[in-house]
């Protein structure tokens, strides 16, 4: 795709948003919020050297939320023509008139909104002038590097190159109007290794705002190939209780479960295992969780949330003690608390490491399980009970001995959080939740 050619200048998106707000007022809305966006992208997948998919996309959209008193209505459209905008706003107002009143409904407090004139530059827009043919060759090079790793690489699930650009404007009837463009670029490869004992699959990938920061295609391919070969000869383990290291490729899921339980929606619905835990120690004292929306080029960076509320750096967990929730305006009101600037989710989360590397963490563990893949969704957000399929490697004397598959690991998230015995300094910058390889001192493992 050429270096981003948006169909709509940003001031045109702003004009569309303002027109929608004006119509909402004309139709009797007491307050309104409008988001107008546009996205363009190219995605290419090559398998066994042949082009499998080539996709160009150009999306645009309008989202309108209106308030008639304490009644809320929402409507959206992928058509930005004036007539379609009028119909969308009218539909939102009509819906609002039919809904029940909700004391928590409404726009954010004006003082919590970001200042559109003083937004930080977070370096989120780095367009990639990548034509389709060049993307195809890049994917071929990535896959070829994976296939060349070892003769036992028997097949490929393909290599994919993707480049996406997006811009938006958010406006509301309090006078807030701001927006910015972003980019997202990725490379990935997945291959299958085979020997006399069977087949194993693995992959590798990278994602960046700036294409210059991506790992080289050949590096990604070789990593995918080596990871697949390393899994050959996998065995099951005897059922028992073992220490477990979550590799950095899967450890972020622990933070994801934490964020879900600490989010306003789960809390006000009383469907979270963290209810009543604010101010209590829920993690090991080794764990501090920081939220930083202002990291340049990071996937979770944003100067304001989905409602225009200003984001802020903060400590969510301090030495194991829960310091705060992830709240939107609505969920905050339901809980009697202010928004934390997390409408749309958590921003970049970071856990400072306690160990210099995964190898150091494995040496400390000595004997146990290294998990590199998780399967299934056996997590109960109400109780925190945890049970998922897993694969990885058995460790003896701090060294990897053999691959492991067809096992299940189980525990309870509160107990797992409290049993964290170390975090390695190997978190990848392409993750929104930057948690390095993480040692949990004991989990139930079901195998033979």
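Across segment 395-411, which residue is nearest to residue 276 (Cα to Cα) among those that are surrounded by 18 or more Cβ atoms within 10 Å (Cβ to Cβ) and in contact (Cβ under 8 Å) with a residue 60 or more places away in the chain?
Among those that are surrounded by 18 or more Cβ atoms within 10 Å (Cβ to Cβ) and in contact (Cβ under 8 Å) with a residue 60 or more places away in the chain, it is 409.
Out of curiosity, is residue 178 in contact with a helix residue (DSSP H, G or I) (Cβ under 7 Å, 6 or more places away or on another chain) and over 14 Å from residue 142 (Cβ atoms)? So residue 178 fits the description; yes. Only residues that are touching a helix residue (DSSP H, G or I) at 6+ places or on another chain (Cβ under 7 Å) and under 14 Å from residue 180 (Cβ atoms) were counted across segment 1-37, and they come to 1. For segment 34-93, a residue qualifies if it is assigned to a strand (DSSP E or B), within 25 Å of the chain's Cα centre (by Cα), without any contact (Cβ under 8 Å) to a residue 40 or more places away in the chain and more than 20 Å from residue 22 (Cβ to Cβ), and the qualifying residues are 53, 55, 57, 59. From the set of residues in segment 258-276 that are crowded, with 16+ Cβ neighbours inside 10 Å and either part of a loop (DSSP other than H, G, I, E, B) or free of Cβ contacts under 8 Å to residues at least 60 places away in the same chain (or both), which is nearest to the chain's Cα centre (by Cα)? Here the residue is 262. Looking across segment 1-53, the residues that are buried (at least 16 other Cβ atoms within 10 Å of the Cβ) and at pLDDT below 95 come down to 1, 4, 6, 8, 10.
The values are calculated or read from the model by the stated rules, or taken from the named source; none is laboratory data. As the structure is a prediction and not an experimental result, all values here were calculated from the model. Neighbour counts run over all protein chains shown; Cβ positions are idealised from the backbone, glycine included.
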